[in-house]
Every structure is written in C-alpha cells, then in structure tokens.
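Nothing in this text is a laboratory measurement; each read-out follows from the coordinates by a stated rule. Every value quoted in this text rests on a predicted model; they were computed, and no experiment measured them. With ideal geometry, Cβ positions are generated from the backbone for all residues, glycine too; neighbour counts draw on all protein chains shown.
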C-alpha cells in the first residue's frame, strides 16, 4: 500500500512539473521575439500580452499593475497580499516572468529588530544575547541582499 501511495505522489509531482513547463512554453509562444523587439524592453510589455488567467489579470488590474516593469517592482510577499491573488496566481506570474528572464523583486528585510530597545535592567543575560544575535543576523542578511 505504501508503494502505491509513493508512486501516486511521484506521479502528481511529475504532472505538476509538466504543467509548469507547459505554462512556460505557452508564455514564450505568446510573447514572441518580435514583440520584445517592438517594445524595446521587457519592462514595457503590457500584461495583456502575457495571457494570464482572468483571475490574475483582474487582480493585477485592480492593483494598478499594467506592464512587466510595474509587476517586477512587487515582491512575492506583496503580490500575495493582493485580493484574490494566491499561490497559484503567484506561480503563474513567476512562470511568465521567468520566460522573459525576469522575476519579482526580492523581499526587503524590515529592520524591526533595530526598533526594539530595552534598558539593561529590563533584559536578563540570555535575552540580551538573543537580541544581540538577532541584530547581528539581520545586519548580515541585509548586507548579503544589498
């Protein structure tokens, strides 16, 4: 029984991968090299040319996103905050951007850890060490992504 379950899970995974490849090919076909040349830059390509599903088109239009450049200015986290825009929609957008050699912007680290301040009396040694580690970690991550 476990072997059957394992085979079914493997089959589902392969089908998902095939669907992703199919979507990438559809997007590559829909945005031809001639269109890229006519727009001069992938940033100027209107989203309507990318053949998104109606749900994705409507969600992006409501947000005021009309071209690839504006879409790339949003992080994955920001896109997921858009009403009626879930993981499936995000996958569709990422596939389309990937076919153009683009991707959503990196999520910026919010320096909330720097805003946390305590007096020495309020912190015990363990908490102070943890807070110092978190600030150091945040600084390294910020430098890594800069």
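Between residue 144 and residue 70, what is 0.36 nm times their sequence separation minus the Cα-Cα distance? Round to one decimal in nm.
That pair, residue 144 and residue 70, stretches by 24.2 nm at full extension.
Taking the simple approach of a point 7 Å from Cα along Cα-to-Cβ for both residue 83 and residue 61, what is their distance in nm?
In this crude label model, residue 83 to residue 61 measures out at 1.5 nm.
Could I have the simple spin-label model distance between residue 1 and residue 91, label points 7 Å from Cα toward Cβ, reported in nm to one decimal?
2.8
If I model a spin label at residue 135 and residue 103 as a point 7 Å from the Cα along the Cα→Cβ vector, what separation in nanometres do I get?
Each label point lies 7 Å from its Cα, and together they span 3.2 nm.
May I ask you to order 73-86, 9-22, 48-61 by the average number of other C-beta atoms within 10 Å around their residues, highest value first?
Top to bottom by mean Cβ count within 10 Å: 48-61, 73-86, 9-22.
Fewest first, what order do 137, 98 take by the number of other Cβ atoms within 10 Å? Please report the intermediate quantities before stating the final value.
On the way: 137 11, 98 15.
Exposure proxy ranking, most exposed first: 137, 98.
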